[in-house]
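All of the numbers you see were taken from the coordinates with simple rules; none came from a lab. Model, not experiment: these values are computed from the prediction. Using ideal geometry, Cβ is built from the backbone for each residue, glycine included, and neighbour counts are taken over all protein chains shown.
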Amino acid sequence: MSSINPNFHFRKASEPSVSELMDGVLNQNLTALSKAITLVESGLPHHRRMANELIDGLLPHAGKSHRIGITGVPGVGKSTFIESFGLQLIERGHRVAVLAIDPTSSISHGSILGDKTRMNELAAHPNAFIRPTPSGGNLGGVHRKTRESILLCEAFGFDRIIVETVGVGQSETAVHHMTDVFLLLLLSGAGDELQGIKRGIMEMADLLVIHKADGENRVKAERAMAEVKSAIRLFPTPPSGWLPEVQTLSSIEKIGFDSLFQKLDRFFNHSMNKGFFDFNRKEQSLAWMKDALGDSLFFWLENQSDFHEKWKLQEEKVLLQQKSPFSAVSEILQNYLPQ
Ligand code: GDP
């Protein structure tokens, strides 16, 4: 028997309703926040609809945070830095949420925040919330989940949102597009400061931190700072008009944080006074809307009963070079779109 309303879905008794989740998040219930994030991470169509309703309802309560993007190659000390940085933000009266995008996790099945031993002290703090990278789905899907998680954390009352990513490729751009300030951690070493970091990523950074500037590394870090400073002088001025700043820092010895906090304050003053903060948030919302269109179309297509069959068929033709990807896609779409 075909169902009268194919969109109707019986909620499992254990599944909270949208209004329960909304009340929970607004009443700062951490279990509700986790469940809300699990909901936005879900790929099931009825969860997607609930997530949209939840996000729309919470939107008026979101947005009031500083969104801070942090990147750097594996081993640069991101988790050690975020733990120290996060705890100091809390000391300064803030509430801190840490989210992550790890493009490598779908390949390695690891996760930058999956390892429970990371950021123990911060994770245990009542004013902090740490969420590992969402797993599964395409990269676009992962980005959507993180964007929506940011909004949920803000509605809950976190006023400093840290979005972490591994400095290995595409995801830096995504993080840059969902945050207000972008911080790049670098290592000093053997005159090879820019090693592993693409110029494009350096150009996105508002603050560049030469990390692990302690012990024997201190002098090398100072030298690296001078080199980075002269390298970035050649970069074009970013749309914010903010000229990127460089400094050294040690998370283990906790040296350099005061100066980093001053720079962040200066950055946000600049960004807000020049109107860039609002402009950037609006631009980001419109870019998310475009992404959502692509995402939703793909999602809709994927849920058509014969889509996978048609996709596979065209995939083979593309692999055998019998068809270009464009004509393959157009042939698939012909089945669904009015001519
Ligand atoms: P991630 O992969 O970027 O998250 O890096 P981790 O935070 O896991 O750190 C990688 C290694 O660098 C660990 O052995 C840390 O103890 C070390 N490390 C992190 N921060 C510092 C620092 O400020 N100084 C020194 N000397 N080592 C650090």
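Taking the chain as a Gaussian network, where each spring joins two C-alpha atoms under 10 Å apart, which residue of Gln247, Gln322, Gln262 fluctuates the most?
Greatest mean-square fluctuation among the candidates belongs to Gln322.
Under 22 Å Cα to Cα from Lys323, which lysines show up? Leave out anything in the same chain fewer than 8 places away.
Answer for Lys323, where 22 Å is the Cα cut-off: Lys310, Lys312, listed by chain and number.
Could you list Leu301, Leu89 in order of exposure, starting from the residue whose Cβ has the fewest other Cβ atoms within 10 Å?
Ordered by Cβ neighbours within 10 Å, fewest first: Leu301, Leu89.
Can you list, largest first and rounded to whole Å, the semi-axes you get for the range 15-61 by taking the square root of 5 times each eigenvalue of its Cα gyration tensor?
That gives 16, 12, 8 Å for the three semi-axes.
What angle do you read, to the nearest 10 degrees and between 0 and 90, between the alpha-carbon axis of helix 325-334 and the longest principal axis of the chain?
For 325-334 against the chain, the angle is about 40 degrees.
What number, rounded to the nearest 500 deg cm²/dmol, is the helix-based mean residue ellipticity at 222 nm of the chain, given -39500 (n - 2.57) per DSSP H run of at least four residues and division by all its residues?
-15500 deg cm²/dmol
Could you tell me whether the range 205-298 comes out rounded, prolate or oblate from its Cα gyration tensor? Rule is a ≥ b ≥ c as square roots of the eigenvalues, rounded for a/c under 1.5, then prolate if a/b exceeds b/c, otherwise oblate.
On the way: a/c = 2.30, a/b = 1.99, b/c = 1.15.
Verdict is prolate for the range 205-298.
Can you say what percent of the DSSP beta bridges in the chain, counting only those with both residues inside, are antiparallel? Round to 5.
5
Can you spot the aspartates and glutamates whose alpha carbon is less than 17 Å from Lys229's alpha carbon? Ignore those fewer than 8 places along the same chain.
Correct list for Lys229: Asp192, Glu193, Glu203, Asp206, Glu245.
Just to confirm the number: angle between the C-alpha axis of helix 276-302 and the first principal axis of the chain, 0 to 90 degrees, nearest 10?
30
If you rank Lys274, Lys78, Lys220, Lys35 by fewest surrounding Cβ atoms within 10 Å, what's the result? Please list the in-between numbers first.
Numbers: Lys274 13, Lys78 28, Lys220 19, Lys35 16.
The most exposed by this proxy come first: Lys274, Lys35, Lys220, Lys78.
Using Cα positions and a limit of under 26 Å, work out the lysines in reach of Lys64, with same-chain residues fewer than 8 apart set aside.
Lys35, Lys78, Lys145, Lys263, Lys274, Lys282, Lys290
In what sequence do Arg48, Arg147, Arg199, Arg233 fall when counting other Cβ within 10 Å, fewest first?
Going from least to most buried by this count: Arg233, Arg199, Arg48, Arg147.
List the residues whose amide H sits under 5 Å from the amide H of Val246, counting only those 5 or more places along or on another chain, with H placed 1.01 Å from N in the peptide plane.
Leu208
Just Ser42, Ser19, Ser188 to compare: in a GNM of the chain, with alpha carbon springs under 10 Å, which one fluctuates most?
Most flexible of the set in this elastic network: Ser19.
What's the ranking of 96-102, 64-70 by average number of surrounding C-beta atoms within 10 Å, highest first?
96-102, 64-70
To the nearest 10 degrees, how steep is helix 257-273 against the longest Cα principal axis of the chain, on a 0 to 90 scale?
The angle comes out at about 60 degrees.
Based only on Cα atoms, what Rg/Rh ratio does the chain have, Rh being taken as Kirkwood's radius? Mind dumping the intermediate values first?
Numbers: Rg = 22.0 Å, Rh = 21.9 Å.
With Rh from the inverse mean 1/r over Cα pairs, Rg/Rh is 1.01.
When all C-alpha to C-alpha distances in the range 288-334 are sorted into bins of 5 Å, what percent of pairs does each bin hold, rounded to whole numbers?
Final binned percentages: 5, 21, 24, 22, 16, 9, 2, 0.
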